[in-house]
Amino acid sequence: MTAAENYLRDYHDRKPDAMSVLIESGRVTGDGRTSYQVLADRVAPARNVLDLGCGDGALLAVFARNGAEKLAGMDLSEGQLALARKRPELAGADLRHGRAQELPFADAAFEAVVSHMAFMLMDDPETVAAEVARVLVPRGTFAIVVGGPDSTGATRVFLELARPLFREVPEERRATYTKERRTSERSGIDEVLAPAGFAPVSWEPYEIDLTASPETVWTLCCESFYSTDTLDEDQRTRLRSAFLAETERLRTADGRLPAGLSVNLAKTRLLT
Ligand SMILES: C[S@@+](CC[C@H](N)C(=O)[O-])C[C@H]1O[C@@H](n2cnc3c(N)ncnc32)[C@H](O)[C@@H]1O
């Protein structure tokens, strides 16, 4: 495993349900579904689906509830997979521990491969793309949700206040994960996927609305960015005070705090 993969595995082993709690707390703005539901609906009616970086199985559980027949997932974090294995909907799912760069599945085994907020973190994405192409049926679907550059409302304020603190963290304690244009922007994703035989992606930006009480938004913001975990207690206390003071002006009449994360859904097919 690479240094970034070790970092992600350790982080998610320590916080195995943090991502699904964050995503299930939000609703796509103007839509009412969670981001997991939007992604699952985009690949319907695929009945045979692999989730790369499946985490605690929240997305696979949506596929199971939608009637998918054969489900598989792969993740670096055993802690998250242990939670996925406890989900009754995933009793028959094939959940594997390992790297998306080395898929232990047969050629042409899946109608669709999906990945929610994980492809953008993967090292060596060309190898992942080639593996996805190998395990897909001809003209099979690859659909991913990746993080966008913008955040809105209190999430934006959180990042503005947090970034200088992230820079104070000594090098050896910083969050070590990969995030680059080739796996988070449309043109970069096309560059990575084309050599593996995929058509250019369709691209759908949307916002995950996390509006809630100020305390809840604070917690969700902390879980949204890996680097928050690297702050020491004093930095975290300073950030929390500044965040609650700075966002007071944003509160709605009923005391809630508007907040959101921007994401993009990219979808493509194998050309043959
Ligand atoms: C931000 S979490 C998203 C988890 C889940 N997809 C969700 O949205 O709830 C990113 C996940 O990708 C996994 N991951 C990152 N790189 C991976 C790789 N190369 N192979 C398999 N899993 C990977 C991490 O272990 C982590 O569970």
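Based on Cα contacts under 8 Å between residues 6+ apart, the chain shows a relative contact order of 22 percent. In plain terms, the chain from Ala44 to Leu244 could stretch by 67.9 nm, reckoned as 0.36 nm per residue minus the Cα-Cα distance. Taken along the Cα-to-beta-carbon direction at a fixed 7 Å, the label points for Val21 and Ser213 span 1.5 nm.
So what's the back-of-envelope 222 nm ellipticity for the chain, counting only DSSP H runs of four-plus at -39500 (n - 2.57) apiece and dividing by all residues, rounded to 500? Before the final figure, lay out each step's value.
Numbers: 11 runs with 108 residues, N = 272.
After summing the helix terms and dividing by the residues of the chain, the value is -11500 deg cm²/dmol.
Across segment 47-62, rounded Karplus estimates of 3J(HN,Hα) from the backbone phi angles (6.51 cos²θ - 1.76 cosθ + 1.60, θ = phi - 60°) give 10, 8, 10, 10, 10, 8, x, 6, x, 8, x, 5, 5, 4, 5, 5 Hz, Gly and Pro being marked x.
Say each of Ala106 and Glu233 gets a label point 7 Å from the Cα, pointing the same way as Cα to Cβ; how far apart are those two points in nm? Distance between the two pseudo-spin positions: 5.6 nm.
Take Asp254: with every protein chain present and a 1.4 Å probe, its accessible area is about 110 Å². Measure off, as a whole percent, the carbon and sulfur share of the 1.4 Å-probe accessible area of the chain, all protein chains present. Solvent-exposed carbon and sulfur of the chain make up 50 percent of the total.
Per-residue Karplus couplings for segment 98-103, computed as 6.51 cos²θ - 1.76 cosθ + 1.60 with θ equal to phi - 60°, are listed in order as x, 9, 5, 6, 9, 7 Hz, Gly and Pro entered as x. Between Glu160 and Leu271, the FRET efficiency from the beta-carbon distance, with R0 = 45 Å, is close to 0.60. Computed over protein heavy atoms with a 1.4 Å probe, the accessible surface of the chain works out to 44 Å² per residue. Summing Lys, Arg as +1 and Asp, Glu as -1, what charge do residues with Cβ under 9 Å from the Cβ of Gly55 carry, Gly55 excluded? In short, -4.
One decimal place: the segment Val169-Glu126 gains 12.3 nm when fully extended, by the rule 0.36 nm per residue minus the C-alpha distance. Here's the list of lysines a cross-link from Lys15 could span, going by alpha-carbon distance under 26 Å and ignoring same-chain residues fewer than 8 apart: Lys86, Lys179. Could you list the GluC sites (Glu not before Pro) in segment 28-93 that lie in coil according to DSSP, counting only those with at most 13 other Cβ atoms within 10 Å of their Cβ? Filter output for segment 28-93: Glu69. Beta bridges assigned by DSSP with both partners in the chain are antiparallel in approximately 55 percent of cases.
The values are calculated or read from the model by the stated rules, or taken from the named source; none is laboratory data. Since we're looking at a predicted model, the values are computed, not measured. FYI the Cβ positions are ideal-geometry reconstructions off the backbone, even for glycines, and counts take in every protein chain you see. Ligands, DNA and RNA are stripped out before the accessible areas are found, and what is left, the full protein with its side chains, is counted by its heavy atoms. Shrake-Rupley method; radii C 1.70, N 1.55, O 1.52, S 1.80 Å.
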